[in-house]
Amino acid sequence: MKNYNELEAEERIQTECYVFFHNSYPLLRGLLCCNLNNSKNKIDGARNKAMGIQRGRSDLVLYWQGKAYHIEMKTPTGSQSPDQITWQKLIESQGFEYHLCRSLSEFQELIKNIIQN
């Protein structure tokens, strides 16, 4: 389980990346989406699970030209949970791309490579 500071740092990185995309690509707004991964309590967790929330799902998904790019945000020293590794393997087995980003600059490079190809 992540400590609070690490979770907060990942959220900051994710926010920076989302704001960058939102401001840099105004015509593509809505194509980069956040996944609801963390429930506030056990009741919300049970409700979210019943509605189809999947453990380990990537933090973000970019929908671009008929493809979905799954993006997991981590701090420079953060590591994937077992559920995240399982999700990555499942997604990749279906031909989707899965990317780990540890900074705004890594995210910017990834987006540039996806959109310019």
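The values are calculated or read from the model by the stated rules, or taken from the named source; none is laboratory data. Please read these numbers as outputs of a predicted model, since none were measured by experiment. With ideal geometry, Cβ positions are generated from the backbone for all residues, glycine too; neighbour counts draw on all protein chains shown. Keep in mind that these areas ignore ligands, DNA and RNA; they rest on the heavy atoms of the full protein, side chains included. Shrake-Rupley method; radii C 1.70, N 1.55, O 1.52, S 1.80 Å.
Out of the residues in segment 103-113 that are within 20 Å of G78 (Cα to Cα) and open to solvent by 70 Å² or more (accessible area, probe 1.4 Å), state the one that is nearest to the chain's Cα centre (by Cα). Give the derivation first.
Start the filter on segment 103-113 by keeping residues that are within 20 Å of G78 (Cα to Cα), which leaves 103-110.
Still in the list and also open to solvent by 70 Å² or more (accessible area, probe 1.4 Å): 105-106, 109.
Values: S105: 15, E106: 13, E109: 15 Å.
Among those residues, the one meeting the criterion is E106.
Do you know which residues across segment 22-41 are at pLDDT 80 or above, out of contact with any His (no Cβ under 8 Å at 6 or more places or on another chain) and farther than 17 Å from T86 by Cβ? It would help to see each step written out before you state the result.
Of all residues in segment 22-41, those at pLDDT 80 or above come to 22-35.
Keeping just the survivors that are out of contact with any His (no Cβ under 8 Å at 6 or more places or on another chain) gives 22-28, 30-31, 33-35.
Of everything in segment 22-41, those that are at pLDDT 80 or above, out of contact with any His (no Cβ under 8 Å at 6 or more places or on another chain) and farther than 17 Å from T86 by Cβ turn out to be H22, N23, S24, Y25, P26, L27, L28, G30, L31, C33, C34.
Only one of these conditions is not met by L100: (1) open to solvent by 30 Å² or more (accessible area, probe 1.4 Å); (2) touching a residue at least 60 places away in the same chain (Cβ under 8 Å); (3) aliphatic (A, V, I, L, M). Which number is it?
All conditions are met except number (2).
For the list (1) at pLDDT below 95; (2) open to solvent by 40 Å² or more (accessible area, probe 1.4 Å); (3) not basic (K, R), I need the number of the one condition that G56 fails.
Result: G56 passes all but (2).
Would you check if there is a residue in segment 33-48 being open to solvent by less than 60 Å² (accessible area, probe 1.4 Å), touching a helix residue (DSSP H, G or I) at 6+ places or on another chain (Cβ under 6 Å) and hydrophobic (A, V, I, L, M, F, W, C)?
So far as segment 33-48 goes, no, none of its residues is open to solvent by less than 60 Å² (accessible area, probe 1.4 Å), touching a helix residue (DSSP H, G or I) at 6+ places or on another chain (Cβ under 6 Å) and hydrophobic (A, V, I, L, M, F, W, C).
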